[in-house]
Amino acid sequence: MTDDIDLPVSDQLDGAPHPAETDQLLGQSGAETEFLAAYSSARFHHAWLMTGPRGVGKATLAWKIAKFLLTQPSGDTGGLFADAAPAPTDLTTDPNHPVIRRMMAGAEARLCVIRRAYDPKRKQFKSQITVDEVRKLRNFFALSAADGGRRVVIVDAADDMNVNAANALLKVLEEPPANTTLLLICHQPSRILPTIRSRCRTLRLSELSADLVQQALGHAGVELDPAQTRATTALSAGSVGDAIRMSSTHGAQVYMTLLALIGQAPRMDRDKILSFANAYAGKSASDEFETVIAMVETLIARLARSGATGQPPAHTVSDQEFGIFQKLCPTPALARTWADLNQEISARLRHGRAVNLDPVSMILDTLFKIDDCAARA
């Protein structure tokens, strides 16, 4: 189904190729094998709920499956292969296949992608998938039926649907059109209707290892120095998507700067604090300030968790990180103090950003609270 290729799309990260253009899927062979086994069985499910942490390859796998299904020989709808060709052993497709070319051009009539729409007047994506987007399936099913063969719908992400959109999709799942496969990408299954979950077969993708995250960054063309690579990999917690977002917003550098500042607590260098805060003057609504908020939350959460367990994070951002954590939070009792502070700071920062308060003042207030907590601890 053709999209306006001149508009941005909500399912592509800045600085990374679109999932449709990502040929290599790392670390998810188990999910691929499970899908192929189901495809080759007597009962191939019409709807799949693809779950797992954000950024581990769910969209990439959905597009690989869509390419695979739409390039299968006409009349092949899955099921046992007793009277047909041998069961496929992987999802590999020919990039020069006419269907693949049409998919890459956004012109394949048997594929429909449901995602958050872009508002060209406001120059931003809608916050939710609305019912209007799901209603496009009516025309899609009517028009694609004339072409014959299998049809595929990708919903990216099901979490983004509002109530009306979810109910409209539920009607499709309750009475699915013949020869149609729906692929629902879902980061948090608890956020979607139980009736939708019950009508889908779940395909869970796992968190990626640090080595695979680094490989994926390389495949995506993200170039980082060794220190940034180590920090980005540690902070992304097995999510390639988060690692790419972090690299585009300099998240690792922000985290390392914050870590160096709190490493001096309870006697932080006031000049360095002012220098750091002043860099965000006038940027309360920017992605850069959102990164600061996220990294503050991440840093204190890692600090509290290390204090509670007495162990370093599974992956440290530097050789100094755990030492700083031990100094500031040496006992499990203090971990609660830091966790409570994190909740307070997070709420204040996000409220301040929502009402467009001065980011310099908010950052200074945050760092002084951390310094004060360190002194009391």
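Residues of segment 359-376 include none that is on the phi > 0 side of the Ramachandran plot, modelled with pLDDT under 95, in the same structural domain as residue 260 (by TED's automatic domain parsing) and under 28 Å from the mean Cα position of the chain (by Cα). The residue pairs whose first member lies in segment 332-344 and is more than 18 Å from residue 310 (Cα to Cα), whose second member is assigned to a helix (DSSP H, G or I), and whose beta carbons are closer than 6 Å, counting only pairs six or more residues apart or on different chains, are 341/373; 342/300; 342/301. Residues that are exposed (fewer than 13 other Cβ atoms within 10 Å of the Cβ) and either modelled with pLDDT under 95 or of a type in the set (S, T, N, Q) (or both) within segment 175-194 comprise 175, 178, 188, 190, listed in sequence order. Only a single criterion out of (1) surrounded by fewer than 17 Cβ atoms within 10 Å (Cβ to Cβ); (2) touching a residue at least 60 places away in the same chain (Cβ under 8 Å); (3) within 27 Å of residue 230 (Cα to Cα) is not satisfied by residue 264, namely (2).
Exactly one residue out of 92, 77 is modelled with pLDDT under 95, part of a loop (DSSP other than H, G, I, E, B) and loosely packed, with under 13 Cβ neighbours inside 10 Å, and it is 92. For segment 50-60, the tally of residues that are among the hydrophobic types (A, V, I, L, M, F, W, C) and touching a helix residue (DSSP H, G or I) at 6+ places or on another chain (Cβ under 6 Å) stands at 2. Within segment 226-238, the set of residues being in contact (Cβ under 8 Å) with a residue 12 or more places away in the chain and either buried (at least 22 other Cβ atoms within 10 Å of the Cβ) or assigned to a helix (DSSP H, G or I) (or both) comprises 227, 228, 229, 230, 231, 232, 233, 234, 235, 236. Every condition in (1) in a helix (DSSP H, G or I); (2) in contact (Cβ under 8 Å) with a residue 60 or more places away in the chain; (3) surrounded by fewer than 17 Cβ atoms within 10 Å (Cβ to Cβ) holds for residue 216 except the one numbered (3).
Give segment 269-308 a look and list any residue that's hydroxyl-bearing (Ser, Thr, Tyr) and part of a loop (DSSP other than H, G, I, E, B), or say none. Once the filter is applied, which keeps residues that are hydroxyl-bearing (Ser, Thr, Tyr) and part of a loop (DSSP other than H, G, I, E, B), segment 269-308 yields 280, 284, 286. The listed residues are 279, 285, and the only one of them that is exposed (fewer than 14 other Cβ atoms within 10 Å of the Cβ), among the aliphatic types (A, V, I, L, M) and either free of Cβ contacts under 8 Å to residues at least 24 places away in the same chain or out of contact with any helix residue (DSSP H, G or I) (no Cβ under 6 Å at 6 or more places or on another chain) (or both) turns out to be 285.
The values are calculated or read from the model by the stated rules, or taken from the named source; none is laboratory data. Every value quoted in this text rests on a predicted model; they were computed, and no experiment measured them. Here the Cβ is made from the backbone with ideal geometry for all residues, glycine too, and neighbour counts use every protein chain on show.
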